[in-house]
Every structure is written in C-alpha cells, then in structure tokens.
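These notes are about the structure you will find just below.
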Amino acid sequence: MAKQFWINLPVKDIGKSKTFFKEIGFRANPKHDNGNQNASFFLDKKNTVMMLFPETTFKHFAQNEITDTQKSTEVFLNIDAENETEVDQLAKKVEKAGGIVFSKPAWVDGWMYLFGFQDLDGHRWGVLYMDMNKMPK
C-alpha cells in the first residue's frame, strides 16, 4: 500500500527545532531540508520520515487549527530503544537540548523501561525499551 510513512509536525521556530532534534541524535534528511521553510529527520532504521513545518505552512496543508500542546495532546509518538542505557542517554540529551522530561526513566509493569518528554513545541514523545523475556504471557 504505502511506499513510505511520514510524520508531519508544526513548529514555532524551524531553526531551534532543527538544533533540538540534531542534539538528541535524530539523523537529518538532507533531501527535504529547505532552510527555514521545513526540516526533515529520519526516525528509525527503516527511515521513517518526520517533517517539521512552520505553523502557518502546516495549518495551510492540514486545513485545520493546530492543537495547543500546552492544553492537550493530539498524538503521542513512541521510539523503541535498544536497551535501558539508550533510554537513559536519550533522557539526558533531551534535557540538555531544552526539552522537558515529564516522566523520568523507570520500569513500568515489570517489562518496559521508559521515559516521556516534550519537544520544544510541546509534542509528546515516549522512549521505551521492552524486555520481551519479562513480558507477561
């Protein structure tokens, strides 16, 4: 069906958002980097694409209002980590880059190690390592 899946997010400042996502380790996608018009990153080993657009451009494409991320969450994005160490390291990078860790790294339900953060525009992300050997049957 789909040859590729893209995630599009509105941002207030393309430059600051580019810096933030580079600092936390996202790989820039040079094919779709148009100065202050947009930014693009690969999210995983399969090269799922995240596009960042200024809010006015995003609103034009979506033909709808943008959610106020300080009042509500429209989407919760998750990243699958390789291990606990990767979760801990990313939490530190997020804080150093100016993101907000709203849920510190911790074990949940005995088999998931995770933390949650907000990027500079309030979009919510979860980063988790799942120990499948401990997953309830």
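The values are calculated or read from the model by the stated rules, or taken from the named source; none is laboratory data. Because the structure is predicted, anything quoted here is derived from the model rather than measured. Neighbour counts are summed over all protein chains in view; Cβ atoms, including those assigned to glycine, are modelled from backbone coordinates with ideal geometry. Each accessible area value is taken on the protein alone, full model and side chains, heavy atoms only, with ligands, DNA and RNA left out. Shrake-Rupley method; radii C 1.70, N 1.55, O 1.52, S 1.80 Å.
In the chain, helical runs assigned H by DSSP with n ≥ 4 each contribute -39500 (n - 2.57); averaged across all residues and rounded to the nearest 500, the mean residue ellipticity at 222 nm is -7000 deg cm²/dmol. For the chain, with all protein chains present and a 1.4 Å probe, just round the carbon and sulfur fraction of the accessible area to a whole percent. About 51 percent, which is the carbon plus sulfur part of the accessible surface. Classified by the C-alpha gyration tensor, the chain has a prolate form. Its axis ratio a/c, with a ≥ b ≥ c, is 1.5 or above, and a/b is larger than b/c.
Restricting attention to region 1-68, close to 50% of DSSP beta bridges with both partner residues there are antiparallel.
To the nearest 10, the accessible area of Leu77 is 20 Å² with a 1.4 Å probe.
Checking every one of the trypsin sites (Lys or Arg not before Pro) in region 26-55 against DSSP loop status and a limit of 15 other Cβ atoms within 10 Å picks out Lys45, Lys46. Ranked by solvent-accessible area (1.4 Å probe, protein heavy atoms only, all chains present), the residues Ile14, Ile7 order from largest to smallest as Ile7, Ile14. The mean accessible area for residues of the chain, using a 1.4 Å probe and ignoring ligands and nucleic acids, is 65 Å² per residue.
Contact order, relative form, for region 1-136: 22 percent (alpha carbon pairs under 8 Å, 6 or more residues apart, mean separation divided by residue count).
Give the percent of DSSP beta bridges with both residues in the chain that are antiparallel, rounded to the nearest 5. Taking every DSSP beta bridge within the chain, about 65 percent pair in antiparallel fashion. For region 11-50, dividing the convex hull volume of the Cα atoms by the residue count gives 60 Å³ per residue. Over region 62-137, what is the percentage of antiparallel beta bridges among all DSSP beta bridges, to the nearest 5? Roughly 70 percent of the beta bridges in region 62-137 run antiparallel, per DSSP. Computed from backbone phi with θ = phi - 60° and the Karplus coefficients 6.51, -1.76 and 1.60, the 3J(HN,Hα) list for region 97-105 is 7, x, x, 10, 7, 8, 9, 5, x Hz; x is used for glycine and proline. When the residues Phe21, Phe76 are ordered by accessible surface, computed with a 1.4 Å probe over the protein chains alone, the sequence from largest down reads Phe76, Phe21.
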